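Read through the structure below, which is laid out as structure tokens, and then see the notes.
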């Protein structure tokens with residue numbers, strides 16, 4: 001629960017207390033609970049009208065996959081054997 005801890009710390013609230021309350025609610029099966037930073041306590045995100053969009057999640061996964069593919073391509077280029085170079089015949 002690193003993200004809720006960071007959010008609570010940045011808002012100036014006691015992150016240890018809020019995260020422990022949040023974990024307790026999640027252990028009870030209340031998985032819709034999250035941090036209500038307006039009041040500095042936990043609350044039901046459904047009741048607060050806070051939802052996550054499936055379209056946003058899809059875009060995030062797509063962007064992450066593209067980034068991973070680009071990193072793999074760079075690694076392949078770096079690992080490739082260096083090209084052969086001839087003698088330098090340029091005048092000084």
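The numbers here are math on the coordinates, done by the rules we state, and not lab data. Just so you know, these numbers come straight off a predicted model, no measurement behind them. Counting neighbours? That spans all protein chains shown, and the Cβs are built from the backbone with ideal geometry, glycine included.
Taking only Cα atoms, what is the 0 to 90° angle, nearest 10, from helix 54-79's long axis to the longest principal axis of the chain? It is inclined by approximately 30 degrees. Axis of helix 2-11 versus longest Cα principal axis of the chain: the two differ by about 70°, to the nearest ten degrees. If R0 is 22 Å, the Cβ-Cβ spacing of residue 57 and residue 32 corresponds to a FRET efficiency of close to 0.85.
Which of rounded, prolate, oblate describes the range 2-48, given a ≥ b ≥ c as roots of the alpha-carbon gyration tensor eigenvalues and a/c under 1.5 marking rounded, otherwise prolate only if a/b is larger than b/c? In terms of gyration-tensor shape, oblate. For the chain, the normalised intensity computed at q = 0.14, 0.25 Å⁻¹ comes to -0.72, -1.20 (log10 of I(q)/I(0), Debye sum over alpha carbons, equal scatterers, no solvent). Neighbour counting of Cβ atoms within 10 Å sorts the residues 7, 50, fewest neighbours leading, into 50, 7. Put in order of Cβ neighbour count within 10 Å, fewest first, the listed residues 54, 22 become 54, 22. Among 33, 62, sorting on how many other beta-carbon atoms sit within 10 Å of each Cβ, with the fewest leading, yields 62, 33.
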